[in-house]
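Inspection log for the structure reproduced underneath, given as structure tokens.
We did not get these values from a lab; they are worked out from the coordinates using the rules stated. Quick caveat: nothing in here was measured; it's all calculated off a predicted structure. Glycine gets a Cβ as well: all are built from the backbone with ideal geometry, and neighbour counts include every protein chain shown.
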Amino acid sequence: MLPQDLIKTSFMSLRRKRSRSALTMLGIIIGIGAVILMLSIGKGAEGLILSQVAEFGSDIIYIEPGSGDMEEQASAEMTAPKTLTMDDVEAIKDLSSIVEVAPMLFSNHVIEWQGEEKRAQVVGTTPENKLLFPADVETGRFITKNDIDSLSQVAVLGSQLKEDLFGDQDPLGQKIKIGSIKLEVIGVLEVQGTKFFQNLDAMSYVPITTLQKKVLGVEYVNFIAAKTDQPLDWAKEDIRFLLRDEHNLDNPEGDLSKDDFFISSQEDAVAIVGTVSAVLALLLSSIAAISLLVGGIGIMNIMLVSVTERTKEIGLRKAIGATYSEILRQFLLESVMLTMTGGIVGVISGVTLSYLAYLIANTQLDGWVFVVSPSSIILAVIVSTAVGIAFGIYPARRAARLDPIEALRYE
Amino acid sequence: MFQFVNNNMALLELRNVGKRYENSGVVTQALIGIDLKIEKGEFIALMGPSGSGKSTLMHILGFLDRLTEGEYFFNGRDASKLSNDELAHLRRDQVGFIFQFFNLLADCTVLENVVLPLVYSEISSIERYKRARAAIEAVGITPRVDYLASRLSGGERQRVAIARAIVNNPAVIFADEPTGNLDTKTGAMVLNFLQELNQKGHTVVMVTHEQEAAEFASRIIRIRDGQIISDNKDHHVRRGNFYK
């Protein structure tokens, strides 16, 4: 039997049972399609997160209050850890390995101007704000060192917050109220967009000392970012030793869970994202394996039914000269055609849906990328073909082993 | 294609052939000590009541079944020791089958059904369809060539089956109760056709339990309890026009 005849014979058999073939393929199509889609979404999200992390620069170190111990941190979260202060900031600034330090304090307030009220995030910051949010002022000026030292009652507005409160009016020199404190608007930032799922344009920025002492009446900061010109690990160690000393921590063995602060960098974030996406890929692969197993069993089931239904046909084919291997190949090819076509249709629908997901995601989030790795497509087709062989061999052998006389008599 | 080794040799020869079935310990002797020579160009009717072993004999002669005792020579070649694949190739190249229930692929066209035996050979596609059309022409159903087999009448179906049986130009045509499922008139037409094929040089072996059908053969072999009880080689052939 010539290969093209084999292909034609198998194809015609499947075509005669069109709807059954299509339904049988559906299991494989959904399995493969879902995995392609999920992997693409996973990669897209990973790309998005990594691109945002990358914007913060690879030479920035983040220092947060509370230890890195997850359990402790969870309980500490309730009482908002207050272990970092402006004294720490000054001390870190003096380290030789540190070039710049930017402390931050976050607080939520209703901001009022001439009866207009708007709830917004108020960021207590310093002139080094650019370390994290590299936006320039559009009009006016940003917070200066003098503002920090003298606890100036001034504020810089995000572009959207300015729009919400003032509309077309010039905000410079106007007095807004945060709680009972009046602040003079000294600048408006250019449009920054969304970063880490926060709308930076809806925030307002005030001198950190003003927010601490005049508005909240606290000593602590939420967060310190430090820039180094030394290798990251050295600088991290420097800060760690300094803070243990500053906080009088007795921690000679360097047990991180005993610290009352937590130091991380972009590398750590990248590593975490990497781990998460690896776990996600593993999870998806297991789901894929299960769905292909189920799909494969479905194929085997249908092929067994088909062999039984076509017993007479098989008997006839053998009577007119088909050999064992010709019958085997015909039925094996039928199941492979089902799974391979299912795999290809699955890939096409998976890629199409991934692209739709990318289009939808991009209306909301900048930086979502459309990734479908060619290796996953090739793997999907190979795996689905292998499923066809694995689950098709048993029914095909049953067909090929039929005794022609018995098969012809079958009713 | 099979080469004729010796023209004096019988086309089919069984020597002391027996067939035993064993089914969960129960042994059935379907054929005992069959000696039979069939020459090229004969038209043989194998007759006998059901269970006599006539179908088993035909299956062995047609390479569908294996003997358990004795020897089978096809064109002087020992066929009893061939592998399954070699037997399949003999069926493909040397034999044509006509069945009582036609055994057509119902959702294939007449042409697709007739070409089927050639699909397992390595003849080119163009040649295959040429031969299939010629066979269809020979049985006179050319107008139905693109009809689905399921849409044909019983007589038409059997003619398609005959076309399928002759498409590979076989040395022997085996017909298993070819008229068993047809009315008298259509049955006679099929028998006439077998006679015609026989006159064109095809050897025909027909299994039947109908005396009327057997009348068309040139030799009538009767079987009972797995043994040949009579072999009439000079049967006066009844001509088909009786029915026409």
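Against the main long axis of the alpha-carbon atoms of chain B, helix B:184-199 sits at an angle near 80°. If R0 equals 56 Å, the separation of the Cβ atoms of A:Glu237 and B:Asp146 corresponds to a calculated FRET efficiency of about 0.05.
Under 17 Å of direct C-alpha separation, and excluding same-chain neighbours fewer than eight residues apart, A:Lys175 reaches these aspartates and glutamates: A:Glu112, A:Glu116, A:Glu117, A:Asp147, A:Glu163, A:Asp164, A:Glu184.
Taking the DSSP beta bridges in the protein assembly as shown as the whole, what percent of them are antiparallel, to the nearest 5? It would help to have the intermediate numbers written out before the result.
Numbers: 60 of 86 bridges.
Of the beta bridges lying entirely in the protein assembly as shown, close to 70 percent run antiparallel.
In the stretch A:101-227, taking the dipole from charged Cβ atoms about the Cα centre, the farthest positive-side position among A:Ala120, A:Gly193, A:Ser152 is held by A:Ser152. Arranged from fewest to most other beta-carbon atoms within 10 Å of their beta carbon, A:Met104, A:Met12, B:Met9 become A:Met12, B:Met9, A:Met104. The 3J(HN,Hα) values that the Karplus relation (6.51, -1.76, 1.60; θ = phi - 60°) gives for the stretch A:382-390 are, in residue order, 5, 4, 5, 5, 4, 4, x, 5, 4 Hz. Gly and Pro appear as x. Once you order the gyration tensor axes a ≥ b ≥ c over the Cα atoms, which shape class does the protein assembly as shown get: rounded for a/c under 1.5, otherwise prolate or oblate by comparing a/b with b/c? Because a/c hits 1.5 or more and a/b exceeds b/c, the protein assembly as shown counts as prolate. For chain B, the tally of Lys pairs with Cα-Cα distances below 13 Å comes to 4, considering only residues 8 or more apart or on different chains.
Per-residue ellipticity at 222 nm, computed for the protein assembly as shown from helices alone with -39500 (n - 2.57) per DSSP H run of at least four residues, works out to -15000 deg cm²/dmol.
Taking 20 Å as the straight-line reach from the Cα of A:Lys93, the lysines in range (excluding those fewer than 8 positions away in the same chain) are A:Lys82, A:Lys130, A:Lys145, A:Lys227, A:Lys236. A Förster radius of 30 Å, combined with the Cβ-Cβ distance separating A:Val191 from A:Lys213, puts the computed FRET efficiency at roughly 0.45. In this simple spin-label model, placing a label point 7 Å from the Cα along the Cα-to-Cβ direction at both A:Thr308 and A:Glu406 gives a separation of 1.5 nm.
Applying D = kT/(6 pi eta Rh) to chain B, where Rh is the Kirkwood radius over alpha-carbon pairs, T corresponds to 4 °C and eta to 1.567 mPa s, the Stokes-Einstein value obtained is 70 µm²/s. Magnitude of the charge dipole for the stretch A:101-227, about its Cα centre and with charges confined to Cβ atoms of Lys, Arg (+1) and Asp, Glu (-1), is about 420 debye.
What FRET efficiency, computed as 1/(1 + (r/R0)^6) with R0 = 30 Å and r the Cβ-Cβ distance, is obtained for A:Glu112 and A:Ser257, rounded to the nearest 0.05?
On the way: r = 44 Å, r/R0 = 1.45.
The formula returns an efficiency of 0.10 here.
In a DSSP loop and with at most 14 other Cβ atoms within 10 Å, the GluC sites (Glu not before Pro) in the stretch A:98-207 are A:Glu190.
Most exposed first by the Cβ proxy, i.e. fewest other Cβ within 10 Å, how do B:Leu116, B:Leu191, A:Leu359, A:Leu232 rank?
Details: B:Leu116 23, B:Leu191 27, A:Leu359 11, A:Leu232 17.
Ordered from fewest to most neighbouring Cβ atoms within 10 Å, B:Leu116, B:Leu191, A:Leu359, A:Leu232 come out as A:Leu359, A:Leu232, B:Leu116, B:Leu191.
With +1 assigned to the C-beta of every Lys and Arg and -1 to the C-beta of every Asp and Glu, and no other charges, what is the dipole magnitude of the protein assembly as shown about the Cα centre in debye, to the nearest 20?
On the way: 64 positive and 80 negative charges, 1240 e Å.
Computed about the Cα centre, the dipole is about 5960 debye.
Looking at the stretch A:101-227, what % of its DSSP beta bridges pair antiparallel, to the nearest 5? Counting only bridges with both partners in the stretch A:101-227, antiparallel ones make up about 75 percent.
Taking the Cα centre of each part, how many Å lie between the stretch A:167-199 and the stretch A:313-383? Centre-to-centre (Cα) distance: 55 Å.
Modelled label-to-label distance, A:Asp366 and A:Ile287, 7 Å Cα→beta-carbon offset: nm? For the pair A:Asp366/A:Ile287, the computed spacing is 3.1 nm.
Relative to the Cα centre, the charge distribution of the stretch B:1-151, modelled as +1 at Lys and Arg Cβ and -1 at Asp and Glu Cβ, gives a dipole magnitude of about 220 debye. For the stretch A:101-227, the calculated P(r) over all alpha carbon pairs, in 5 Å bins from 0 to the bin holding the longest distance, is 2, 11, 24, 27, 21, 11, 3, 0, 0 percent. Ranking A:Leu283, A:Thr352, A:Gly388 by how far each Cα lies toward the positive end of the dipole of the protein assembly as shown (charges on Cβ) leaves A:Gly388 at the top. Working from label points 7 Å from Cα in the Cα-to-Cβ sense, the B:Val27 to B:Phe101 distance is 3.2 nm. The shape of the stretch A:257-411 comes out prolate: with a ≥ b ≥ c from the C-alpha gyration tensor, a/c is at least 1.5 and a/b beats b/c.
The long axis of helix A:324-364 is offset from the longest Cα principal axis of chain A by roughly 20 degrees.
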